[in-house]
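Chemist: Could you have a look at this structure, given as structure tokens, before my questions?
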Amino acid sequence: FKVGRKNEAVVSTQSTGEKPACDENKIQLFNMRFCPFAERTALTLLAKKIPFDNVNINQKKKPEWFLESGGKVPVVVHKGKYIPESLIASDYLDEVFPEPKLNPSDPLQKALDRVVIEKQSAIMRHLYPIFSKIPNQIVTMEEKLQHFENLVAQLETFEEELKNRGTPYLGGQSPVMADYMIWPYFERIEGLPILMGDVGDKFVLPAHLEHLHAWIKAMRSTDAVKAYGFSPKRMATLTKIYNETGGYDDALKESSGM
């Protein structure tokens, strides 16, 4: 199964109309192709090679049937039950479909990995004001540069974690749940130098974060990220179109092939 640049949805992109039917024994994912949190669950499904029906939700025109599920992506539907929240849904999938296992079997290591996930989730607090258009708020370039400085300071802790582990991935020689839960932030970070245009050189990750750069390269080589991830150019293009028009579907279409 592949959700890539030539196939944005397995089932369809839904904005209005009836809820798409789904076999109770098959996984259905309510998704938004541009959402970093929904990407977490999509990567989990792809890494575990779980067949699923993907339903992209237009966030500007959420259908009534989707609002009944909580109105936020991602949502995994299995056996007629809704499982929201990216980390909860991903953990559920890892339990129900045990091979290949993404969470460590050692409870202590799972807890330590979860600490890393939670700590690096703070990235979005600094990243969002740089790349996204915030309603009724203007973020100046000076403020964006300060956010990026804070983001790099946050990433120093991840650099240290990777250095201490001494392996290509947090999971050792292959990626684990923690790698996939953190990865979506970096697709957006890599798009910043292109998105920011003439001042893009001020939004490049410093070279001294060498373990982080190696981890990014390793993650780009995984099957799940190759199937689902955005290139830096496409991420920047998507963001620009989305911010200018609010047209999620238009952004996907106009950036296809990048």
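Laboratory data are not the source of any read-out in this text; all were calculated from the coordinates shown. Treat the numbers as computed from the prediction; the structure is a model and nothing was measured. Note: ideal-geometry Cβ built from the backbone for every residue, glycine included; neighbour counts use all protein chains shown.
Chemist: Roughly speaking, what is the centre-to-centre gap between segment 169-188 and segment 28-74 when only Cα atoms are used, to the nearest Å?
Modeler: Value for the Cα centre distance between the two parts: 19 Å.
Chemist: To continue, here is another question. In whole Å, what are the Cα extents of segment 113-163 along the three principal axes, biggest one first?
Modeler: For segment 113-163, the Cα extents along the three principal axes come out at 38, 19, 10 Å.
Chemist: Segment 203-230 to segment 127-168: how many Å between their Cα centroids?
Modeler: Segment 203-230 and segment 127-168 have Cα centres separated by 15 Å.
Chemist: Hey, what do the phi angles of segment 178-186 turn into as Karplus ³J(HN,Hα) couplings, whole Hz, using 6.51/-1.76/1.60 and θ = phi - 60°, x for Gly and Pro?
Modeler: 4, 4, 5, 6, 8, 3, x, 4, 7
Chemist: Compute the FRET efficiency between Lys163 and Val199 as 1/(1 + (r/R0)^6), taking r as their Cβ-Cβ distance and R0 = 30 Å, and round to the nearest 0.05.
Modeler: E(calc), rounded to 0.05, equals 0.50.
Chemist: Can you tell me how much longer the chain between Gln146 and Lys217 gets when fully stretched, taken as 0.36 nm per residue apart minus their C-alpha distance, in nm with one decimal?
Modeler: 22.9 nm
Chemist: Averaged across orientations, what area in nm² does the convex hull of the alpha carbons in segment 131-211 project?
Modeler: 6.1 nm²
Chemist: Something else about it: Share of Cα-Cα pairs in segment 153-194 beyond 15 Å, in percent?
Modeler: So the portion of pairs separated by more than 15 Å is 51 percent.
Chemist: Could I ask something else about it? Taking 51 Å as R0, compute the FRET efficiency from the Cβ-Cβ separation of Asp23 and Glu244 and round it to 0.05.
Modeler: Efficiency, from the Cβ-Cβ distance: 0.85.
Chemist: Over the Cα atoms of the chain, compute the convex hull volume and normalise it per residue, giving Å³.
Modeler: Working: hull volume 32.4 nm³, N = 258.
That works out to 126 Å³ per residue.
Chemist: Using Cα pairs closer than 8 Å and at least 6 residues apart in sequence, work out the relative contact order for segment 27-125, in percent.
Modeler: 28 percent
Chemist: With an 8 Å cut-off on Cα pairs and a minimum separation of 6 or more residues, tell me the relative contact order of the chain in percent.
Modeler: 20 percent
Chemist: Give the whole-number value, in cubic angstrom per residue, of the convex hull volume spanned by the C-alpha atoms of segment 12-111.
Modeler: Roughly 97 Å³ of hull volume per residue.
Chemist: Here's something else I'd like to know. Using the per-residue mean of other Cβ atoms lying within 10 Å as a proxy for protection, in what order, highest first, do the peptides 94-103, 40-49, 55-64, 231-240 fall?
Modeler: Values: 94-103: 14.7, 40-49: 23.5, 55-64: 17.3, 231-240: 19.9.
Top of the packing list down: 40-49, 231-240, 55-64, 94-103.
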